[in-house]
Amino acid sequence: MATFDTIIKDGIVVDGTRVPRYRADIGIKNGKIARIGRLKSSDAAQVLDARGLIVAPGGIDLHTHYDAQVHWDPYLTISSWHGVTTITMGNCGFGFAPVHAKDVERAMLALSRNEAIPLEPMRVSMDFTWETFPQYLDRLERLPLGINVSHLFPISPAVAYVLGSFEEAKRRRPTEQETAQIARLLHEAIDAGAIGWGAQQLVPGGTSAVQCDYDGSPMISDMLPDSFYLAMARALGKKGTGCIQFTRSSVGVNDPKAGMHNDFDFNALLAQESGRPVLFNAVAVNDKFPYVYRAQLRWLADANKQGKPVFGQTVTARAANYITFENWNLFDDSPVWREATTGTVEEKKVKLAAPHIRAAMREEYDAGTKSRDFLFGELAEFVVHQVQRTDLKHYEGLSVRQIAEREQKHPIDAMLDLSVADNLKTIWLGPIINNNVENYREIMASPYTLPGVSDGGAHIKFITPGTYSTDMLAWMVRDSGILSLEEAHYRLSYLPAWAAGIQDRGCLREGMAADIIVYDLEQLRILPSEVVYDLPANEWRRVQRAEGYRWILVNGQVTFEDGKCTGATAGRLLRHGRAS
């Protein structure tokens, strides 16, 4: 019998711990790294020739929304195409457990707009044979997985479950007794293997959030008071394990700087009350507003100096938005835009053409929309990527500003007149707002920042930030040199593993799980955006693939070879941050 199942031979090992790279062989046995050194090829059943290639730990993406996609896609693409071998779900407090049978459809509706996950694929792919969170983890463990999955306890469905329904949870706040019951469910989830809890509170009080429920109302988690979240933090502290993922930002205000200090202080307070790491969402970079991330870096440093462990999850992918008003929902912090973009396509067309709605949109635009500009770029800079009607093709390649100038229209009218005429099929390409690599040199110099926020599985018709790991290696390391390869893999794997309590992977050391990527740094690149109809119910999504990854291994088995899936499903549900 062979000593090893697989040997990765003669590669350049970057182990994820910041140790300088070195040349070595890696012997894998039973899904784990058994030995690193000089090994005989004859001692393995399979040998992967890694001469001239980088051998590194697979990426760990702590912020995804694959909660639905995991039920139909074992590989959770696009993340696995880009070298990610472990993901975390249940972020922002959204998910599908616990849930009463009567609320199954309502649970799916909640994510259909908020995270822009198409509804019909959920309906035909999710059997909802569970009710409690532990039962849901058992269900996940029975699914074929081509990638490792860890799970946060999502706050919104838990509150709906205890209060009796989503509608009741929208109508009132949990009582003291109900809060205690939710805390007991959290403890039950932690005992079953959850790595902590997650929540979104985009605008405290839930008055105007950029991500809303299917009907345009705030999400349950947006409406919960600070006292509730502090109770959940203390409940987690009693378990002495796990982390908190918290998305809180006053993006609805006109000035993106206003209110941020309070938002961040609350994250630090959660860390203090729980004694556990907090994953703060998000450090978002807009090259025109550098003071925002610089303030966040200062606050991160201050909190950690005080012994309050807060990590800033950072949006690092340079991914433009492709939007159509048939589907777009991320202007929901504006009441007029929220009203105009809810309903059927025909209802949206009528509202987007209505004079009183246009007047309100023009007034809002003229007053300034800095928070929206901060997140998505200026509306006038959006470019017509594609139109459906052949008689409108002459608009392709023109920006909103150019159309407005040529037709002597207000930018709002220039954009919406074309969209309505094109049956809301016009695809607008937003600007890339985070293209200055020097900003990332500054951000990645902080000990407390994690790359990512891929939102994998969400907003799949608009954007593809699941490319972040490839972008980081190709752009920040190879092309610009602002990061060493050692630092990049530390940020992509080891640091997120530590922050989230993932214990058995994240670096290449003997005894650790064999989650490994083997790639050619010079050939690494992100392929162009494309639309594919690969979802259940013949639904489509926007994807970007990668080139340059020779092999991707999950728990010792090759899942992708030169970008082609092998069919191996060696991924595991990570209970308590490790494979059981």
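Table for the structure above
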quantity: In the stretch 433-457, residue farthest from Leu279 (Cα to Cα) [restricted to those that are among the aliphatic types (A, V, I, L, M) and part of a loop (DSSP other than H, G, I, E, B)]; calculated: Ile433
quantity: Any hit, the stretch 350-365, residues being farther than 23 Å from Val384 by Cα and touching a residue at least 40 places away in the same chain (Cβ under 8 Å); calculated: no
quantity: Any helices (runs of 4 or more DSSP H) falling wholly within the stretch 118-213 and containing at least 3 residues that are polar (S, T, N, Q) and either crowded, with 23+ Cβ neighbours inside 10 Å or out of contact with any Lys or Arg (no Cβ under 7 Å at 6 or more places or on another chain) (or both); calculated: 176-192
quantity: Condition met for Met89 (surrounded by fewer than 24 Cβ atoms within 10 Å (Cβ to Cβ) and either among the aliphatic types (A, V, I, L, M) or modelled with pLDDT under 95 (or both)); calculated: no
quantity: Conditions (1) buried (at least 22 other Cβ atoms within 10 Å of the Cβ); (2) on the phi < 0 side of the Ramachandran plot: number failed by Gly16; calculated: (2)
quantity: Subset of the stretch 507-557 (residues that are at positive phi and crowded, with 23+ Cβ neighbours inside 10 Å); calculated: Asn555
quantity: Lone qualifier among Leu416, Leu450 - being in contact (Cβ under 8 Å) with a residue 40 or more places away in the chain and more than 14 Å from Ala317 (Cα to Cα); calculated: Leu416
quantity: Any chance Pro335 is outside the structural domain of Thr449 (by TED's automatic domain parsing), farther than 28 Å from Gly456 by Cβ and at pLDDT below 95; calculated: yes
quantity: Within the stretch 355-423, helices (runs of 4 or more DSSP H) holding 3 or more residues that are at pLDDT below 95; calculated: 370-376
quantity: Any hit, the stretch 411-425, residues being β-branched (Val, Ile, Thr), out of contact with any Phe, Trp or Tyr (no Cβ under 7 Å at 6 or more places or on another chain) and either buried (at least 20 other Cβ atoms within 10 Å of the Cβ) or within 24 Å of Leu535 (Cβ to Cβ) (or both); calculated: no
quantity: Candidates Asp265, Asp302, filtered to the one that is over 16 Å from Ser371 (Cα atoms) and modelled with pLDDT under 95; calculated: Asp265
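The values are calculated or read from the model by the stated rules, or taken from the named source; none is laboratory data. All figures in this text were calculated on a predicted structure; none of them were measured in a lab. Ideal geometry is used to build each Cβ from the backbone, glycine not excepted, and the neighbour counts take in all protein chains shown.
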